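Scroll down for the structure; my scribbles are underneath it.
Since every read-out is calculated from the coordinates, none of them should be taken as a lab result. All values reported here derive from a predicted model rather than from experimental measurement. With ideal geometry, Cβ positions are generated from the backbone for all residues, glycine too; neighbour counts draw on all protein chains shown.
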């Protein structure tokens, strides 16, 4: 059973909740920050590629903005340079429905799955609930081999979810290196690669770039995963504010996802 007991909301109830908690709708990330990240990605700053290989295909900041308006719901006006920006809650719920279909297929085939988060302060419980539901459905939730190191830290797991630890603290990280080292460690141990990865940030980007079927969660200032989805590298990119003030705000969204995936006991 999931570690929380939130009942699955209806689509309308979830949209209201997303807007009220600012997971979607008028989000906290300012327009200036979004545009800065789009520009840095277009200017070949690999930090913003999140482990994907985007080549020269996204050198125009306006092309990045167009994809973000289409798939995330940010304001599509290039002249809107500062102030409020948005995530369309309808796009969030639509992406959750597509993610649910991927989870359901993995459960039906009892696939090997790997879950990871670069946002342990906000999304660890969400990923943990997904891991538990997939495990209960018969999936093989992969364990990261011990002593998997990356970026001067270590990869740890909580409830089946990989995260990056450094200095006895869990870190927020965009780096693709932890996922790269996990996949390398699995290979060295003679284990097959995962069939499905559910993750965010560079964890998701690197897995997708390696050809692994990947569901990613991404904020409106992290365009790379949406570009990966547009190009077909990433199976699904779910738009959301990935660090609202209370992690429990994600519980209704998680309950909706699991119910749509038919991974609840209700």
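See the values below:
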{"quantity": "Highest-MSF residue in the chain out of 236, 154, 113 [GNM, Cα springs under 10 Å]", "calculated": "154"}
{"quantity": "Approximate spin-label separation residue 135-residue 158, in nm, with each point projected 7 Å along Cα-to-Cβ", "calculated": "1.5"}
{"quantity": "Inter-probe distance in nm under a simple model that places probes 7 Å from Cα toward Cβ, at residue 97 and residue 12", "calculated": "1.6"}
{"quantity": "Projected label distance in nm at residue 243 and residue 80, using a 7 Å step from Cα toward the beta-carbon", "calculated": "2.4"}
{"quantity": "The stretch 166-206 versus the stretch 44-63: alpha-carbon centroid distance in Å", "calculated": "21"}
{"quantity": "Helix-only [θ]222 nm of the chain, DSSP H runs n ≥ 4, -39500 (n - 2.57) each, per residue, nearest 500", "calculated": "-13000 deg cm²/dmol"}
{"quantity": "Stretchable slack from residue 165 to residue 151, in nm (0.36 nm times residue separation minus alpha-carbon distance)", "calculated": "4.1 nm"}
{"quantity": "Order by protection proxy (mean Cβ within 10 Å, highest first), peptides 211-221, 59-69, 176-186", "calculated": "211-221, 176-186, 59-69"}
{"quantity": "Three-way shape label, the stretch 1-118, alpha-carbon gyration tensor, a/c 1.5", "calculated": "oblate"}
{"quantity": "Cα gyration tensor shape for the stretch 146-223, rounded if a/c is under 1.5, else prolate or oblate", "calculated": "oblate"}
{"quantity": "Segment residue 26-residue 70, length gained on full extension (0.36 nm per residue, minus Cα span)", "calculated": "14.2 nm"}
{"quantity": "Prolate/oblate/rounded call for the stretch 130-266, Cα gyration tensor, a/c under 1.5 rounded", "calculated": "rounded"}
